[in-house]
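J.: Encoded as structure tokens, here's the structure I'll be asking about.
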Amino acid sequence: MDGGPAVFTGAVFALFGLALLAWTAVRVRHREPVAHGVSPVASAALATLAALLSLAAGAWCLTRL
């Protein structure tokens with residue numbers, strides 16, 4: 001019975017990570033700020049790190065089935 005919540009949680013983490021990574025890549029490619037009032041390099045690096053951590057959490061949840 002624990003498979004359903006693990007699949008849902010893993011999918012949510014994975015989709016969020018993919019969306020954040022894609023959004024960050026588009027913003028950086030167009031040379032637009034990722035976050036206002038922060039260094040462009042630092043905000044892009046932090047957003048990329050958060051996206052990768054979310055993808056890793058999603059993968060971890062999906063391997064726990």
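J.: Filter the trypsin sites (Lys or Arg not before Pro) in the chain to those in DSSP coil with at most 15 other Cβ atoms within 10 Å of their Cβ, and list the result.
T.: Of the trypsin sites (Lys or Arg not before Pro), the ones in loops of the chain whose Cβ has at most 15 other Cβ atoms within 10 Å are R31, R64.
J.: Apply the Karplus parameterisation 6.51 cos²θ - 1.76 cosθ + 1.60, with θ equal to phi minus 60°, to every residue of the stretch 8-15 and state each ³J(HN,Hα) to the nearest whole Hz, in sequence, with x for glycine and proline.
T.: With coefficients 6.51, -1.76 and 1.60, one gets 4, 5, x, 5, 5, 4, 5, 5 Hz.
J.: I've got another one for you. What does the accessible area per residue of the chain come to in Å², with a 1.4 Å probe and no ligands, DNA or RNA counted?
T.: 72 Å²
J.: If you don't mind, another one. Probe radius 1.4 Å, ligands and nucleic acids ignored: give me the carbon and sulfur share of the accessible area of the chain as a rounded percent.
T.: 75 percent
J.: Residue-wise, which Karplus ³J(HN,Hα) couplings in Hz belong to the stretch 49-59, taking 6.51 cos²θ - 1.76 cosθ + 1.60, θ = phi - 60°, and x for glycine or proline?
T.: My calculation for the stretch 49-59 gives 5, 5, 5, 5, 5, 5, 5, 5, 5, x, 5 Hz in order.
J.: On to the next question. Choose one answer from L55, L21, L46: the residue with the largest mean-square fluctuation in a GNM of the chain with alpha-carbon springs under 10 Å.
T.: Highest fluctuation among the options: L46.
J.: On to the next question. Pairs of alpha-carbon atoms within less than 8 angstrom and 6+ residues apart define the contacts here; what relative contact order does the chain have, in percent?
T.: Once divided by the residue count of the chain, the mean separation gives 56 percent.
J.: May I ask you to list the residues of the stretch 40-65 whose amide nitrogen lies under 19 Å from a point 7 Å from Cα along the Cα→beta-carbon direction of D2?
T.: 57-65
J.: When the solvent-accessible surface of protein heavy atoms is calculated with a 1.4 angstrom probe, in what order do V41, V26 fall, highest first?
T.: In descending accessible area the options line up as V41, V26.
J.: Label points 7 Å out from Cα along the Cβ direction at V38 and A59: separation in nm?
T.: Rounded to a tenth, the inter-label distance reads 2.3 nm.
The values are calculated or read from the model by the stated rules, or taken from the named source; none is laboratory data. The structure presented is a predicted model; accordingly, all values stated were derived computationally and were not measured. Positions of Cβ are backbone-derived with ideal geometry, glycine not excepted, and every protein chain shown enters the neighbour counts. Remember, those area values only see protein heavy atoms, side chains included, never the ligands or the DNA or RNA. Shrake-Rupley method; radii C 1.70, N 1.55, O 1.52, S 1.80 Å.
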